[in-house]
């Protein structure tokens, strides 16, 4: 199914997107400290489930072993959070005033679709994206919105923890965004490129698995930590429309679009800025 997707950003980031490519941010550096957080309730649900299965086999669970499993699970989650890069896209039926407020009058958006986005990236680079297990058009993960980020049940908690995909969980506060995510796990990246990032180890002798990763940009900090990745795209395929919130920036974006061979941008109207989507009112 083809879905219309938007990515809202500040104006100063637009040229980087159109030249370097799709931005992926490190999960442990997101603005919302609760996002991707492994809750105690989720771990408790998993441990309780393990204890119950142990008893069903006629044995009494060992409390010390369960405590070690809980500790190891939390450690694995923290490592995963430092080795997961996410690009966030939003499915909207109309322009979102809330997104405008979040990014300010200097904000812009890129409008595309899931099929356009994937076609805009070289096939080898698409291989770096985690598959979404058939949930929807791969490799997009549909964000799951949960009150207070509590796992809905023990079975779901186990699934999230064992597959380390709890990074797609967000609080219901953000459900108006209707977010879809692309995910790069650096363990997969290390195997396919030989590039070691944030502690992920390349596999010795896996050279025959390496892909042509031209167009992958890795931004390292002075301490060696990588907080940003970019996957190069063909912007003429990626971009269906660029929207500008502030009229003062319209000419600047128009010039950039002309330089990149893209359609002229559109200016978001005052009526659009003041309207409320049905999803936001619910």
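The values are calculated or read from the model by the stated rules, or taken from the named source; none is laboratory data. Model, not experiment: these values are computed from the prediction. Quick reminder, even Gly has a Cβ in these numbers, built from the backbone with ideal geometry, and neighbours come from all protein chains shown.
Tabulated results
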| read-out | value |
| --- | --- |
| Condition check for residue 205: surrounded by fewer than 20 Cβ atoms within 10 Å (Cβ to Cβ), at pLDDT 80 or above, more than 16 Å from the chain's Cα centre (by Cα) and at positive phi | no |
| Subset of the stretch 219-277 (residues that are buried (at least 17 other Cβ atoms within 10 Å of the Cβ) and closer than 19 Å to residue 125 by Cβ) | 226, 228, 229, 230, 231, 232, 233, 235, 238, 239 |
| Top-ranked residue in the stretch 166-186 [being over 11 Å from the mean Cα position of the chain (by Cα) and buried (at least 20 other Cβ atoms within 10 Å of the Cβ); ranked as modelled with the highest pLDDT] | 186 |
| Test set (1) in contact (Cβ under 8 Å) with a residue 12 or more places away in the chain; (2) under 25 Å from the mean Cα position of the chain (by Cα) - residue 263 fails condition number | (2) |
| Out of 211, 195, 183, sole residue that is touching a helix residue (DSSP H, G or I) at 6+ places or on another chain (Cβ under 9 Å), closer than 23 Å to residue 120 by Cβ and part of a strand (DSSP E or B) | 183 |
| Test: residue in the stretch 265-273 that is within 18 Å of residue 22 (Cα to Cα) and touching a strand residue (DSSP E or B) at 6+ places or on another chain (Cβ under 9 Å) | no |
| Checking residue 58 against (1) at pLDDT 90 or above; (2) surrounded by 14 or more Cβ atoms within 10 Å (Cβ to Cβ), the condition it does not meet | (2) |
| Within the stretch 1-30, considering residues that are crowded, with 17+ Cβ neighbours inside 10 Å, assigned to a helix (DSSP H, G or I) and modelled with pLDDT of 90 or more, the one nearest to the chain's Cα centre (by Cα) | 17 |
| Yes/no for residue 93 being surrounded by fewer than 14 Cβ atoms within 10 Å (Cβ to Cβ), modelled with pLDDT under 85 and under 28 Å from the mean Cα position of the chain (by Cα) | yes |
| Single residue of the stretch 31-51 satisfying the filter (loosely packed, with under 12 Cβ neighbours inside 10 Å and farther than 17 Å from residue 147 by Cβ) that is modelled with the lowest pLDDT | 33 |
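Condition check ((1) within 20 Å of residue 113 (Cα to Cα); (2) at pLDDT 90 or above; (3) part of a helix (DSSP H, G or I)) across all residues:
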| site | (1), (2), (3) |
| --- | --- |
| 191 | no, yes, yes |
| 201 | no, no, no |
| 217 | no, yes, no |
| 230 | yes, yes, no |
| 254 | no, yes, yes |
| 271 | no, no, yes |
| 280 | no, no, yes |
